[in-house]
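Since the structure comes first, as structure tokens, the remarks are kept for the end.
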Amino acid sequence: MKQSWQNRLTAITGGAGFIGSNLAKALVRRGARVRIVDNLERGRLDNLVEIREQVEFIHADLRTPEAARACLTGVDVVFHLAAQVGGIKVYLDKAGSVLNNNLLIDQNVFAAAVELKTPKLFYASSAHVYPGRLQQSPDAPALKEDDADPAEPILTYGWGKRIGEITLLSLAAECPWMNVSIARIMGAYGYNQDITLETGSVIPVFCHRAIIWPERSPFRIWGTGAETRSYVFIDDVVEGILQSITLDQNRNITGPFNLAAEGRATIHDLANRIIALSGKSIPIELSPSPTAIWGQAADCSFATGLLNGWHAQVSLDDGLSKTYSDIRRQLSQSGHIR
């Protein structure tokens, strides 16, 4: 694996964000030349502090075609992660903007890759492409790749990702020189995630709340706590991405495939595990709210066969411990705790 990346010029759109920054570090360790593209709307240069002198950083808005062409020029592999993302409130309150912005970003990056004849392109899709009707029970069957059709995502974010998948698959069929990989990432968590209480996802927010408790109490779960999710640690996500783009195969399309960990946990169980890591006796408060997705789990058998036996290696307990420690370090360095 290390030799295959040596001195290859790679570009990571959204590279200062959660997944992108972790991917960048892995590529630097493997000897790749890394170009990071980000508008810093959500990404942070602090996520790149360990490798800042070893990467090329371009501050750019990929909603313009000119920026996409400039950022992809000369690149051998593009990891396309850039998107307008956020918590469920962002997706609901800004549904039109999310869809419009993400369609613009995807189309500009895809068009630039075709024009420049970029040899390899990885596209980060999402579990949000799956229909809501298949996720209405805490023990709903694990989602398989074929379940995405007929398309019926709950959120415009999911519709954008499904359109992105279809567009890229169609372009790859027209451009046999382009190798594409599409991963539906589900429940990723770990280092460099947004820990803001108002905008972060459930694991970093629960860790943040537990660390600062009793400040800004109570420790609240929105919903019933019985909802279930699958979670995959960032190190496993990065390894799956890299394996998918280096496959030796006769076809030029890999996926779409689920990039996730099998198994599931309730939101209430997740909170209790994180509270246990804090060593505190923190009461949990339930706050009733509408639940759009009651159960979301992944069947990863297709990915395991496709990626030469890849499967998630980091257990939920180990991943939560690593994440909790990292968030505590961040809060300590920023002066929020002693």
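With a requirement of 1 or more residues that are farther than 19 Å from Glu239 by Cα, modelled with pLDDT of 95 or more and under 21 Å from the mean Cα position of the chain (by Cα), the helices (runs of 4 or more DSSP H) lying completely within the stretch 1-92 that satisfy it span 65-72. Considering only the stretch 245-274, how many residues are in contact (Cβ under 8 Å) with a residue 60 or more places away in the chain and among the polar types (S, T, N, Q)? The number of residues fulfilling the criteria is 5.
Taking the criterion of being hydroxyl-bearing (Ser, Thr, Tyr) and either more than 18 Å from the chain's Cα centre (by Cα) or closer than 20 Å to Asp146 by Cα (or both), the residues of the stretch 227-266 that qualify are Thr228, Ser230, Ser244, Thr246, Thr254, Thr266. Return the residues of the stretch 19-59 that are farther than 26 Å from Arg69 by Cβ and surrounded by 17 or more Cβ atoms within 10 Å (Cβ to Cβ); say none if nothing qualifies. Of everything in the stretch 19-59, those that are farther than 26 Å from Arg69 by Cβ and surrounded by 17 or more Cβ atoms within 10 Å (Cβ to Cβ) turn out to be Asn22, Lys25, Ala26, Arg30. Exactly one residue out of Gly295, Gly240 is closer than 23 Å to Ile185 by Cβ and in contact with a Ser or Thr (Cβ under 6 Å, 6 or more places away or on another chain): that is Gly295.
In the stretch 193-210, the qualifying residues are those that are under 16 Å from the mean Cα position of the chain (by Cα) and part of a loop (DSSP other than H, G, I, E, B), and the one that is surrounded by the most Cβ atoms within 10 Å (Cβ to Cβ) is Gln193. Among the conditions (1) under 27 Å from Ala226 (Cβ atoms); (2) out of contact with any Ser or Thr (no Cβ under 7 Å at 6 or more places or on another chain), the only one that Trp177 does not satisfy is (1).
Considering Ile51, Ile88, Ile105, Ile36, which residue is in contact with a strand residue (DSSP E or B) (Cβ under 7 Å, 6 or more places away or on another chain) and either of a type in the set (Val, Ile, Thr) or at negative phi (or both)? From the options Ile51, Ile88, Ile105, Ile36, the qualifying one is Ile36. In summary, helices (runs of 4 or more DSSP H) completely within the stretch 225-337 and bearing 3 or more residues that are under 21 Å from Leu81 (Cβ atoms) and aliphatic (A, V, I, L, M) occur at 234-245. Taking the criterion of being surrounded by 23 or more Cβ atoms within 10 Å (Cβ to Cβ) and part of a helix (DSSP H, G or I), the residues of the stretch 113-127 that qualify are Ala113, Ala127. Of all residue pairs spaced 6 or more apart or on separate chains, those with beta-carbon atoms under 8 Å, a first member in the stretch 56-83 that is under 21 Å from Ser4 (Cα atoms) and without any contact (Cβ under 8 Å) to a residue 60 or more places away in the chain and a second member that is surrounded by fewer than 23 Cβ atoms within 10 Å (Cβ to Cβ) and not basic (Lys, Arg) are Thr73/Leu116. There is no residue in the stretch 280-293 that is within 26 Å of Ile241 (Cβ to Cβ), out of contact with any Gly (no Cβ under 9 Å at 6 or more places or on another chain) and of a type outside the set (Phe, Trp, Tyr). Note on the stretch 236-294: residues that are on the phi > 0 side of the Ramachandran plot and surrounded by fewer than 21 Cβ atoms within 10 Å (Cβ to Cβ) total 2.
The values are calculated or read from the model by the stated rules, or taken from the named source; none is laboratory data. Quick caveat: nothing in here was measured; it's all calculated off a predicted structure. Cβ sites come from the backbone with ideal geometry, for glycine too, and all protein chains shown count toward neighbours.
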